[in-house]
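The values are calculated or read from the model by the stated rules, or taken from the named source; none is laboratory data. Treat the numbers as computed from the prediction; the structure is a model and nothing was measured. Neighbour counts run over all protein chains shown; Cβ positions are idealised from the backbone, glycine included. The protein model used for the area step is the full one, side chains on, heavy atoms only, and it has no ligands, DNA or RNA in it. Shrake-Rupley method; radii C 1.70, N 1.55, O 1.52, S 1.80 Å.
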Amino acid sequence: MAEKLTSRAQGFSEWYVDLVQKAKLADYSDVKGCMVIRPNGYAIWENIQRTLDRMFKDTGHQNAYFPLLIPESYLKKEAEHVEGFAPQLAVVTHAGGAKLEEPYVIRPTSETIINRSFSKWIQSYRDLPVLINQWANVMRWEMRTRLFLRTTEFLWQEGHTCHETEEDAEAETLKMLDVYRTFAEDYMAMPVITGRKSESEKFAGADRTYSIEAMMQDKKALQAGTSHMLGQNFAKAFDTQFQGRDGKMHHVWQTSWGVSTRLIGALIMTHSDDAGLVVPPRIASRHVAIIPIFKTPEEKAQVLEKANALAAELKKASLGVMVDDDETKGPGWKYAEHELIGTCLRIELGPKDLAKGTCVMVRRDERKKEFVPLTEAVDKARGMLEQMQKDLFEKARAFRDSNTFEVNSYEEMKEKADAGFLLAHWNQDPKVEARIKEETGLTTRNRPFTVKQEPGKCVVTGESSPGRIVFAKAY
RNA sequence: CGGGGAGUGGCUCAGCCUGGUAGAGCACUUGGUUCGGGACCAAGGGGUCGCAGGUUCGAAUCCUGUCUCCCCGACCA
């Protein structure tokens, strides 16, 4: 760990790649486009899973698991769906030493194979709603990959639900979007914009797609989660029908929604700094590292005894705590290391502290030393972590808000192309959207619920626009 | 698929142009001194130089082929 990270100012991309590897979050593998998620990175994923899983259960969903391999013919049943995913599929043509009658695709998402099951499970309106979630890996062959943000194989969660009416399905779609918003903001301390995607950005096979969009420190947008109102598209393709209250057969109305390990990338690019990873306490597993400082054997015995006692108290307060008593490293080395790997709070404890009955506490995000009486250490640690959680969110929100602009002409839009989020009027024509992307690199992110939709004039054509949509450069 | 770069101890890389006994830093092992912001000294261990052919008395180095990864574009969570 001798060399430091590339600074964000030097190169945001390099900083990111450096950080991911030096904080031991992930490694490249020998498989093209695939990454190894190391224990430090996987621990973050486990915390994301734990929290989201509880939120899904609290909203009535159950977990299930469906096959990794999907008969190719399934994908083809929904025209728009197969067209959208065809270029990204990995296909299994041989197995058991022989060529297969029908190839399998490795799931890029599971709408099709899950609908096969749904159509068997559902007979009556009494069977509805069906609320299923799956934690799984998926594979989408990508031309270009980036650790956590876009890899060929990634881990995610996909929710799939069936409802009796369009209204119910729409309500579910928005409810889960709001679960994502709550999770992003309250746990990841990452402010997000909820809204509806444009036609060209929507999921292949959906009627409508909604997303949460976050701003990274380089002012680029990152789609952090999506929720789709699938309408009856898959129900019709797979004949997922039920007998309704009217005695007649109806196709179910469906939703699907997902977030992936991409969230880890979002977390890094939202909060981390030039010293390393910064993780909000509510999503961290490493809350406190106690660094004992001593020279003589007598000091060692005294300091370690106190450090272990303090650690035990902190553990009782449900904090992830470790005493870093590795004698082959000096204290300075440990400070730097814990900053790199994103330990939320550092407690320094040495002979001088024991004499005074204090310790030194340092928040990872602020890195300011504070002397704290040992008798108050646990309360203080909890308080500092809570404050850190709030401060990280507020800092990220202030950053996003100060880099969000209303623009009223195409000229202004071009000038501010790298400035952050641009709220602009657009006539909803995909050709105009494509032209803007071609000429400025900006894409539509979503039409925010929080921005009042007032009619205006498209910045490119001058034609009528229903309201402002977010444009930004995106990951 | 285009365009670039790279494959040499665990890691980062030098050596290649101009062929001649495989190097450095970090990490690791042992001993000692250190320890409140990335310590130091000494002694060690560790590499079929991506793979396959070829040229040559001799190849990490030259030639041919091949595989893989990374970066930049088109595709995307």
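Rounded to the nearest 0.05, what FRET efficiency do A:VAL91 and A:GLN49 give with R0 = 30 Å and r taken as the Cβ-Cβ distance? Could you check? Don't jump to the answer; show the numbers that get you there.
Values: r = 29 Å, r/R0 = 0.97.
According to the calculation, E is roughly 0.55.
Distance in nm between label sites at A:ALA336 and A:GLU142, each 7 Å beyond Cα in the beta-carbon direction?
Reported label-point gap for A:ALA336 and A:GLU142 is 3.2 nm.
Could you pull out the pairs from A:LYS316/A:LYS380; A:LYS22/A:LYS390; A:LYS24/A:LYS369 whose alpha carbons sit more than 19 Å apart here?
Where the Cα-Cα span goes over 19 Å, the pairs concerned are A:LYS22/A:LYS390; A:LYS24/A:LYS369.
Tell me whether the stretch A:33-123 comes out rounded, prolate or oblate; compute the Cα gyration tensor, take square roots of the eigenvalues as a ≥ b ≥ c, and use a/c under 1.5 as the rounded threshold.
Oblate is the answer for the stretch A:33-123, as a/c is 1.5 or above yet b/c matches or exceeds a/b.
Normalising by the residue count of the stretch A:404-472, find the relative contact order in percent from Cα pairs under 8 Å and 6+ residues apart. Mind showing how you got there, number by number?
On the way: 127 pairs, mean separation 27.5, N = 69.
For the stretch A:404-472, the relative contact order is 40 percent.
Would you mind working out the accessible area per residue for chain A, using a 1.4 Å probe, and quoting it in Å²?
45
Among DSSP beta bridges lying fully in the stretch A:389-475, give the percent that are antiparallel, nearest 5.
Values: 8 of 11 bridges.
Counting only bridges with both partners in the stretch A:389-475, antiparallel ones make up about 75 percent.
When DSSP assigns beta bridges and you keep just the ones with both residues in chain A, what percent turn out antiparallel, to the nearest 5?
Expressed as a percentage, antiparallel bridges in chain A total about 80.
Please compute the contact order of the stretch A:288-384 in relative form: average sequence separation of alpha-carbon pairs under 8 Å and at least six residues apart, divided by the residue count, as a percent. Spell out each step's value before the answer.
Working: 137 pairs, mean separation 28.6, N = 97.
Relative contact order here is 29 percent.
Expressed in nm to one decimal, what extension gain is obtained for the pair A:ARG38 and A:LYS395 from 0.36 nm per residue of sequence separation less their Cα-Cα distance?
Working: separation 357, 0.36 × 357 = 128.52 nm, distance 2.85 nm.
Full-extension gain reported as 125.7 nm.
Using Cα centres only, tell me the gap between the stretch A:56-103 and the stretch A:448-462 in whole Å.
39
For the stretch A:12-271, rounded, prolate or oblate, judged on the Cα gyration tensor with a ≥ b ≥ c (square roots of eigenvalues), a/c < 1.5 rounded, else prolate if a/b > b/c? Please report the intermediate quantities before stating the final value.
Numbers: a/c = 2.00, a/b = 1.33, b/c = 1.50.
Oblate, since a/c reaches 1.5 and b/c is not below a/b.
Taking 37 °C and 0.692 mPa s as the conditions, I'd like the Stokes-Einstein D for the stretch A:1-71 in µm²/s, using the Kirkwood hydrodynamic radius from alpha carbon pairs.
Numbers: Rh = 15.2 Å.
Approximately 215 µm²/s, per Stokes-Einstein.
Give me the distance in nm between label points sitting 7 Å out from Cα along the Cα-to-Cβ direction at A:GLU327 and A:ASP178, one decimal.
Here the answer is 5.8 nm between the modelled labels.
Starting from the 7 Å offset along Cα-to-Cβ, what nm value, one decimal, do you get for the label separation of A:LYS437 and A:ASN408?
2.9
Rounded to the nearest 500 deg cm²/dmol, what is the calculated helix-only ellipticity per residue at 222 nm for chain A, with -39500 (n - 2.57) per DSSP H run of length n ≥ 4?
Details: 14 runs with 167 residues, N = 475.
My calculation for chain A gives -11000 deg cm²/dmol from helical runs alone.
Compute the helix-to-body angle for A:377-402: its Cα long axis versus the longest principal axis of chain A, expressed 0 to 90° and rounded to tens.
50
In whole Å, what is the distance between the alpha-carbon centres of the stretch A:377-435 and the stretch A:240-319?
Cα centroid of the stretch A:377-435 versus Cα centroid of the stretch A:240-319: 24 Å apart.
Taking R0 as 51 Å, what FRET efficiency do you get between A:GLN453 and A:GLN243 from their Cβ-Cβ distance, rounded to the nearest 0.05?
0.85
Would you mind counting up the charge near A:LYS202? Only other residues with Cβ under 10 Å from its Cβ, with Lys and Arg at +1 and Asp and Glu at -1. Write down the numbers at each step before the final one.
Details: positive: A:ARG196, A:LYS197, A:ARG208; negative: A:GLU80, A:GLU199, A:GLU201, A:ASP207.
Once positives and negatives cancel, what remains is -1.
Just to verify a number: FRET efficiency for A:GLU366 and A:ASP429, C-beta to C-beta distance, R0 = 56 Å, to 0.05?
Values: r = 48 Å, r/R0 = 0.85.
Once the sixth-power term is evaluated, E becomes 0.70.
Note the full-extension length gain between A:ASP127 and A:LYS57 as 0.36 nm times their separation in residues minus their Cα-Cα distance, in nm to one decimal. Before the final figure, lay out each step's value.
Numbers: separation 70, 0.36 × 70 = 25.20 nm, distance 1.84 nm.
Length difference between fully extended and current span is 23.4 nm.
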